[in-house]
Number of protein chains: 2
Amino acid sequence: MHQVMEWNEDVSDAVKAELAEHNICLINVLGSPGAGKTSTILSLIERLRSKYRIGVIEGDIAGQIDADTIHAQGIPVVQLDTDGACHIEAMSIQHILKEFDLTALDVIFVENIGNLVCPAEFNIGEHFRLALLSIPEGDDKVEKYPLMFATSQALAMNKYDLKEYFGFDDERVERSARGVNPDVQVFRVSSRDGMGLEELTSWVSHRIDEVRGTT
Amino acid sequence: MHQVMEWNEDVSDAVKAELAEHNICLINVLGSPGAGKTSTILSLIERLRSKYRIGVIEGDIAGQIDADTIHAQGIPVVQLDTDGACHIEAMSIQHILKEFDLTALDVIFVENIGNLVCPAEFNIGEHFRLALLSIPEGDDKVEKYPLMFATSQALAMNKYDLKEYFGFDDERVERSARGVNPDVQVFRVSSRDGMGLEELTSWVSHRIDEVRGTT
């Protein structure tokens, strides 16, 4: 296992080098099944597509429901089917990048497998990670699954419109997240009513510009 | 990996043999982070504790928040900390059974790691599996994570009180589940208002009696 991890780090560096050649920013989007990864990516694309040329890699252990949704928006999307595996590895990204016209892209979103555990252990050549935690999952998840939140540059609490219904303590989540990751950016968003999406978009855009050296 | 799986099957059989010696029924409870595994186990315990002597194995990758909750109910509970691993293996169960007084138990619930992928691949000596899918996760999860639902004898759609809010298509879920698992029992439950819990309890109790030969 240790060797697999080391090898993954090497491939992750190679992916990053290839992205640098084309000045592309890769964003790794992580979260539980149903946390709202696809809808958040769609919300960000809607707000960023006038500024950047965007592609999506859609990770799933089976099927291509989400890829179809994104394709319907006219965005280049490639399905990455892990055939049952619980995470995406850098080698899969290296392989799948060949299916894009990289000269026509500025940003690639990777929707990782819905899982709070394994995807956190594998770098895939990303420039930053965006972790999603949806309110119905409960306010103890950072304490229970610390690695994902420790390794993500931003945490978005999604479905925030349900906070009162679930008695969700967002301060607890923010405190726990900062406990494992003092520099984390915390957002409160809702795809339902659009709350917080401008702030999240603005932060993501700023990070993309930093990575691409266009600030 | 293949060898690990085969070895796990052997250990799983050994766990089952040890449980049979003490006439104990082991129930593997699976679902995403925040699907409501702990609260459903607590609801079942509340309704079953007058009939059976119950213990709990609480799987987590870090911490013991859920174990503390169950301990507070006066139920024997042992924490199984996987130290970052994404699932429970039979060997961990074999090891942890030593921490219980098996002569004083009829039923053991195992709360698996919050994850729809990896736990499904590992038998842990269970007599049956109960899979939870909570409404906020979305009605496409059976299609996206088929193995868990194909290998579980029962599926409980939890937080059913949120069905309208999320426009959740429970018929689609039931249809998909029967597609991969024609014999699956499907329940609609809500820990919030108690809906469906009597039916689920009654089915679980019936299965326990079958396993223990007391029907």
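The values are calculated or read from the model by the stated rules, or taken from the named source; none is laboratory data. Small disclaimer: the values here were computed from a predicted structure and weren't measured. Here the Cβ is made from the backbone with ideal geometry for all residues, glycine too, and neighbour counts use every protein chain on show. Note: accessible area is taken over every heavy atom of the protein model, side chains too, but ligands, DNA and RNA are not part of it. Shrake-Rupley method; radii C 1.70, N 1.55, O 1.52, S 1.80 Å.
Below are the figures for this structure:
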| item | result |
| --- | --- |
| Tilt relative to chain B, helix B:2-21 - C-alpha long axis, 0 to 90 degrees, to 10 | 70 degrees |
| Given charges at beta-carbon only (K, R positive; D, E negative), |dipole| of the protein assembly as shown in Debye | 820 debye |
| Dipole magnitude (debye, nearest 20) for segment A:129-185, charges at Cβ of Lys, Arg, Asp, Glu | 220 debye |
| Length-normalised contact order for chain B - Cα pairs under 8 Å, 6+ apart - percent | 25 percent |
| Shortest-first nm distances, A:GLY167 label point to equivalent points in other copies (7 Å, Cα→Cβ) | 3.0 |
| Hz values of 3J(HN,Hα) by residue in segment A:202-215 - Karplus curve (6.51, -1.76, 1.60), Gly and Pro given as x | 5, 5, 4, 4, 4, 5, 4, 5, 4, 4, 8, x, 10, 7 |
| Residues whose placed amide H lies under 5 Å from that of B:LEU80, excluding near-sequence neighbours | B:GLU58, B:GLY59, B:ASP60 |
| Interface size B-A, as summed buried accessible area [1.4 Å probe, Å², nearest 100] | 2600 Å² |
| Reach of B:LYS51 by Cα under 29 Å, taken over lysines that are not fewer than 8 positions away in the same chain | B:LYS16, B:LYS37, B:LYS98, B:LYS159 |
| Highest-first arrangement of B:59-65, B:38-44, where packing means the average Cβ count within 10 Å | B:38-44, B:59-65 |
| 7 Å along Cα→Cβ, label-point gaps from B:ASP101 to other copies, nm, shortest first | 7.4 |
| Probe 1.4 Å, protein heavy atoms only - accessible area per residue of chain B in square angstrom | 39 Å² |
| Residues whose placed amide H lies under 5 Å from that of B:ASP139, excluding near-sequence neighbours | B:ASP169 |
| Loop-located chymotrypsin sites (Phe, Trp or Tyr not before Pro) in segment A:89-134 whose Cβ has at most 11 other Cβ within 10 Å (DSSP) | none |
| Around A:GLN73: net Lys/Arg minus Asp/Glu count, Cβ-Cβ under 14 Å | -2 |
| Cα gyration tensor, segment A:1-117 - rounded (a/c under 1.5), prolate or oblate | oblate |
| Per-selection Kirkwood Rh - the protein assembly as shown (Cα, Å, 1 d.p.) | 22.3 Å |
| Given charges at Cβ of Lys, Arg, Asp, Glu: segment A:170-214 dipole, positive-most of A:GLY179, A:VAL204, A:THR214 | A:GLY179 |
| Per-residue mean of C-beta atoms belonging to partner chains within 10 Å, peptide A:136-147 | 6 |
| 222 nm mean residue ellipticity, helices alone, for chain A (DSSP H n ≥ 4; -39,500 (n - 2.57); rounded to 500) | -11500 deg cm²/dmol |
| Separation of the B:VAL4 and B:LYS51 label points, Cα + 7 Å toward Cβ, nm | 3.8 nm |
| Rotational relation B to A, axis-closest Cβ in chain B, residue and distance rounded to whole Å | B:PRO136, 2 |
| B:TYR165, B:TYR160, A:TYR145, ranked by accessible area, largest first (probe 1.4 Å) | B:TYR165, B:TYR160, A:TYR145 |
| All-pairs alpha carbon distance profile, chain B, 10 Å steps from 0, percent | 8, 36, 39, 15, 1 |
| Any cysteine of chain A lacking a neighbouring Cys Cβ under 4.7 Å - listed by number | A:CYS25 |
| Semi-axis lengths, Å, segment B:135-177, gyration tensor of Cα atoms, sqrt of 5 times eigenvalues | 18, 10, 8 |
| Long-range HN-HN contacts of B:ILE124 with modeled amide H, under 5 Å | none |
| Spatial separation of Cα centroids for segment A:118-157 and segment B:37-56, in angstrom | 31 Å |
| At 7 Å out from Cα toward Cβ: B:ALA72 inter-copy label distances (nm, ascending) | 4.3 |
| Whether segment A:123-215 is rounded, prolate or oblate, judged on the alpha carbon gyration tensor where a/c under 1.5 counts as rounded | oblate |
